[in-house]
Amino acid sequence: MSRPDCSAPIAPDALLAYWLGELDEASADSVEEHLFRCDACGARLRELILLGGAVRKALLKGEFGTVVTPSFARRLQAAGVRIREYHLEPGGSVNCTITPEDDLVISHLRVAIDDARQIDLIFDVGDGSPEHRSRHVAFNASTGEVTVIPPVAWVRKSGAARQRMRLMAVDNEPSAARPLEADVLIVDEASMVDVRLGADLVGALPASTRLVLVGDVDQLPSVGPGTVLADVIASGAVPVVRLTEIFRQAAQSLIVVNAHRIHDGDMPELGAGAERDFFFLEEDDPARAAALIRDLVSTRLPRKYGLQPHEIQVLSPMHRGELGAGNLNALLQEALTTGAQGVERGARNLRIGDKVMQVRNDYDKEVWNGDCGVIERIDTENEALTIRFDDRPVEYGYDELDTVALAYAATVHKSQGSEYAAVVIPIHTQHYVMLQRNLLYTAVTRGKRLVVLVGTRKALSLAVRNADVAARCSGLAARLRAG
């Protein structure tokens, strides 16, 4: 009897396996018996078939690449899809000819991959164009094979008759069983190391390796759990060198002087001077303060100091609010790139000339979380755009744009480990909950040539006085003291 819903629905994986013909006879019979009695699961199967049809059409157009099972590849062949197959060894390459008669290219990697960390797929059409790197390819170590359908539409559009394709197995990250080979390892920005990363790092070092941690323990702690650098110092178990003296050249910089004053709980020097590199502009009203920050970045600082707007970084304590990174990004984008060619992705609009930030590591593109770049080209025909990071252009497909965000303004937490020619910092009681000494100290020490605070003296005083930091109880210091 039909029923509107199912109290024990067939799992999606089982429905998919049934549709692909991958179930054994007994399991297939059981699924068919359930489907005969259940309209709800029958409807789910029909939706899956419709979805599968759309995916098949997109595959045949070469619009995306994917990893498939060998049985799925065989079903495509049985359905009349013309497939050109290649077999590759890890790190090897093959010259692959794509003809107009070929519907798909399928690449097989057959190798013991139980100790592989990732599989990378790399294309080079051999016509001088940049190579195309796929995202990490998923794989199942138990099968010993990866079956990949790469996207070939861009190859056809390139006009190149041949392409080189590399499918590379990458070994596991260093570990106790696979240690790093180094006599000395120096870790910079060590305050950003959390306990998980610290454990992996130390576990990957031979006993003979000397480990040197370099960092500022008074900056914001790591995003992840623990305070590794602070705990190592507090344990007294290792030699510690502190740099506390301000040398003569540095003493001429108010950025350096005021960073030390904030660190010590003193108000920064805000006096006048023609050669200053540290300014405080007082504005009580949040809306007017936001407009002032917009003008500073878009016109006033570039005109006064010869900076490009993308060299100036706004660092806000929070993302929300009129003085939050979100609203300031919108104001600055409107001021700097209105009228430029753009692409809309959901509620976001990215334009040529926009400053953007990578928001998670991309090992394929070799672009890392926190890297900033400028959009320099949008290719609407191929649905791609190019972002220049320093002197290196990197191409993104439209489907990859969730990994970048506008970066005229960012939160102070997001700026850890970075430095900028100039920073503008909103400091207002609107961000009362985030007004802390270590946050202000971190923001100020991001600036190399210029630091500008915009807001209220009350908020600045609150931040300097508030040295309260939530305790992180990892027990690392006590373990190190105990040996």
Q: Search the range 26-45 for residues that are touching a residue at least 12 places away in the same chain (Cβ under 8 Å) and closer than 10 Å to Leu15 by Cβ and pair each with any residue that is part of a helix (DSSP H, G or I) and open to solvent by 40 Å² or more (accessible area, probe 1.4 Å) when their beta-carbon atoms are under 9 Å apart and the residues are at least 6 apart or on different chains.
A: Val31/Tyr18; Leu35/Tyr18; Arg44/Pro12; Leu45/Tyr18; Leu45/Trp19
Q: Say whether the condition of being under 21 Å from the mean Cα position of the chain (by Cα) and not polar (S, T, N, Q) is met by at least one residue in the range 294-311.
A: yes
Q.
For the structure I just gave you, tell me whether Leu331 is surrounded by 18 or more Cβ atoms within 10 Å (Cβ to Cβ) and not in a loop (DSSP other than H, G, I, E, B).
A. yes
Q: Select from the range 195-223 the residues that are exposed (fewer than 14 other Cβ atoms within 10 Å of the Cβ), touching a residue at least 24 places away in the same chain (Cβ under 8 Å) and small (Gly, Ala, Ser) and write down the one among them that is farthest from Val444 (Cα to Cα).
A: Ser208
Q. If Met318 passes every condition in (1) without any contact (Cβ under 8 Å) to a residue 24 or more places away in the chain; (2) in contact with a Gly (Cβ under 6 Å, 6 or more places away or on another chain); (3) assigned to a loop (DSSP other than H, G, I, E, B) but one, which one does it miss?
A. (1)
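To keep it simple, each residue is scored yes or no on (1) assigned to a strand (DSSP E or B); (2) open to solvent by less than 30 Å² (accessible area, probe 1.4 Å); (3) of a type in the set (D, E, K, R).
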{"site": "Phe279", "(1), (2), (3)": "yes, no, no"}
{"site": "Leu292", "(1), (2), (3)": "no, no, no"}
{"site": "Arg300", "(1), (2), (3)": "no, no, yes"}
{"site": "His310", "(1), (2), (3)": "no, no, no"}
{"site": "Leu323", "(1), (2), (3)": "no, yes, no"}
{"site": "Val343", "(1), (2), (3)": "yes, yes, no"}
Q.
Scan the range 51-72 and tell me whether some residue there is at pLDDT 75 or above, of a type outside the set (Gly, Ala, Ser), open to solvent by less than 80 Å² (accessible area, probe 1.4 Å) and farther than 26 Å from Tyr396 by Cα.
A. no
(Q) Take the conditions under 23 Å from His428 (Cα atoms), at pLDDT below 95 and open to solvent by 30 Å² or more (accessible area, probe 1.4 Å) and apply them to Arg288. Does it pass? (A) no
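Do any helices (runs of 4 or more DSSP H) lying entirely in the range 187-254 carry at least 3 residues that are under 26 Å from Val412 (Cβ atoms), and which ones are they?
Details: elements: 195-203, 228-235, 248-251.
Those helices (runs of 4 or more DSSP H) span 195-203, 228-235.
Wholly within the range 360-421, which strands (runs of 3 or more DSSP E) include no fewer than the required count, namely at least 1 residues that are among the polar types (S, T, N, Q)? Full working, then the answer.
Numbers: elements: 372-379, 384-389, 392-397, 404-406, 409-411.
Qualifying strands (runs of 3 or more DSSP E): 384-389, 409-411.
Residue by residue, here is whether (1) at pLDDT 90 or above; (2) touching a helix residue (DSSP H, G or I) at 6+ places or on another chain (Cβ under 7 Å); (3) among the charged types (D, E, K, R); (4) open to solvent by less than 40 Å² (accessible area, probe 1.4 Å) holds:
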{"site": "Thr411", "(1), (2), (3), (4)": "yes, yes, no, yes"}
{"site": "Gln416", "(1), (2), (3), (4)": "no, yes, no, yes"}
{"site": "Pro426", "(1), (2), (3), (4)": "yes, yes, no, yes"}
{"site": "Gln436", "(1), (2), (3), (4)": "yes, yes, no, no"}
{"site": "Gly447", "(1), (2), (3), (4)": "yes, yes, no, yes"}
{"site": "Lys458", "(1), (2), (3), (4)": "yes, yes, yes, no"}
{"site": "Ala470", "(1), (2), (3), (4)": "no, no, no, no"}
{"site": "Cys473", "(1), (2), (3), (4)": "no, no, no, no"}
{"site": "Leu480", "(1), (2), (3), (4)": "no, yes, no, no"}
Q) Which members of the range 345-368 meet the condition of being out of contact with any Lys or Arg (no Cβ under 9 Å at 6 or more places or on another chain), open to solvent by 20 Å² or more (accessible area, probe 1.4 Å), within 19 Å of Val394 (Cα to Cα) and among the charged types (D, E, K, R)? A) Arg345, Arg351, Arg360
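Can you go through Arg481, Arg472, Arg388, Arg446 and tell me which one is touching a Leu at 6+ places or on another chain (Cβ under 7 Å) and among the basic types (Lys, Arg)? Can you show your working first?
Working: Arg481 fails: touching a Leu at 6+ places or on another chain (Cβ under 7 Å); Arg472 fails: touching a Leu at 6+ places or on another chain (Cβ under 7 Å); Arg388 fails: touching a Leu at 6+ places or on another chain (Cβ under 7 Å).
Among Arg481, Arg472, Arg388, Arg446, only Arg446 is touching a Leu at 6+ places or on another chain (Cβ under 7 Å) and among the basic types (Lys, Arg).
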Q. If you check Glu381 against the conditions, is it at pLDDT 90 or above and open to solvent by 70 Å² or more (accessible area, probe 1.4 Å)?
A. no
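Among the residues of the range 298-339, what is the count of those that are of a type in the set (Ser, Thr, Tyr) and within 23 Å of Ala463 (Cβ to Cβ)? Break it down stepwise before answering.
So in the range 298-339, the residues of a type in the set (Ser, Thr, Tyr) come out as 298-299, 305, 316, 337-338.
Now narrow it down to the ones that are within 23 Å of Ala463 (Cβ to Cβ): 316.
Looking only at that region, the number is 1.
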Q. Can we say Ala405 is under 30 Å from Thr380 (Cβ atoms), in contact (Cβ under 8 Å) with a residue 24 or more places away in the chain, under 27 Å from the mean Cα position of the chain (by Cα) and surrounded by 22 or more Cβ atoms within 10 Å (Cβ to Cβ)?
A. no
Q) Is it true that Ala463 is assigned to a helix (DSSP H, G or I), more than 20 Å from Ser415 (Cα to Cα), open to solvent by less than 50 Å² (accessible area, probe 1.4 Å) and in contact (Cβ under 8 Å) with a residue 12 or more places away in the chain? A) no
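The values are calculated or read from the model by the stated rules, or taken from the named source; none is laboratory data. Remember, it's a predicted structure, so these values are computed and weren't measured experimentally. Note: ideal-geometry Cβ built from the backbone for every residue, glycine included; neighbour counts use all protein chains shown. Ligands, DNA and RNA are stripped out before the accessible areas are found, and what is left, the full protein with its side chains, is counted by its heavy atoms. Shrake-Rupley method; radii C 1.70, N 1.55, O 1.52, S 1.80 Å.
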